[in-house]
Amino acid sequence: MTKDVLVRVTGRHLMEQDSGEIEVAAEGSYYEKSSGHFLAYDEVQEGGEKVHVVLKIGAERVDMMRSGVVKTHMEFLPGRTTTNCYYTPYGEMLLTVTTDELATDIREDRIEVRIRYRLEIDGGTGSSAEIRITAVPRD
């Protein structure tokens, strides 16, 4: 995989009263270390602020670290529940993530990740969600 990549992230939350899909496409960087494969890119929030995202893709887990106007470190480990803080300009929230399924496909010319999980915010009502991440070399 080349260093310069196009990253596409599609997220879908399924709640009783509402469901929605969000898609982000951004130019980013790919690098590999002994601890895993890394994708880094910037997301633009609704107010125009940038959030830097680093995805660490390992054999049995995916970590999503976000920094900027919001900050969090979400851990996705199949069959496990993790708890992390999500910091926003309006305060912090406690995120509880239970990873139901994690699939990764890392090839020379493409990276694909699919995560199905359940999310609870501050111990309240949860939702089921899915994230699909794809990275391909930039032309």
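Odds and ends about this structure:
- In this structure, Y90 and V44 have a Cβ-Cβ separation that, at R0 = 22 Å, corresponds to a calculated FRET efficiency of about 0.75.
- Checking (1) 10.1; (2) 8.5; (3) 12.1 against the coordinates, the calculated mean projected area of the Cα convex hull in nm² falls under label (2).
- Estimated distance in nm for a label pair at V70 and S128, the labels positioned 7 Å out from Cα along Cα-to-Cβ: 2.3
- Relative contact order of the stretch 4-137, pairs being alpha-carbon contacts under 8 Å that are 6 or more residues apart, as %: 21
- Charge dipole (the stretch 4-137, unit charges on Cβ, about Cα centre) - positive-most of Y87, G36, V113: G36
- What you get for the stretch 4-137, charging only the Cβ of Lys and Arg (+1) and of Asp and Glu (-1), is a dipole of about 300 debye around the Cα centre.
- Ranked V113, V136, criterion: other C-beta atoms within 10 Å, fewest first: V136, V113
- Phi to ³J(HN,Hα) by Karplus 6.51 cos²θ - 1.76 cosθ + 1.60 over the stretch 23-30, Hz, x for Gly, Pro: 10, 10, 10, 8, 6, x, 10, 10
Read the figures in this text as sums done on the coordinates, not as results from a lab. Nothing here was measured: the structure is a model prediction, and the numbers come from that model. Glycine gets a Cβ as well: all are built from the backbone with ideal geometry, and neighbour counts include every protein chain shown.
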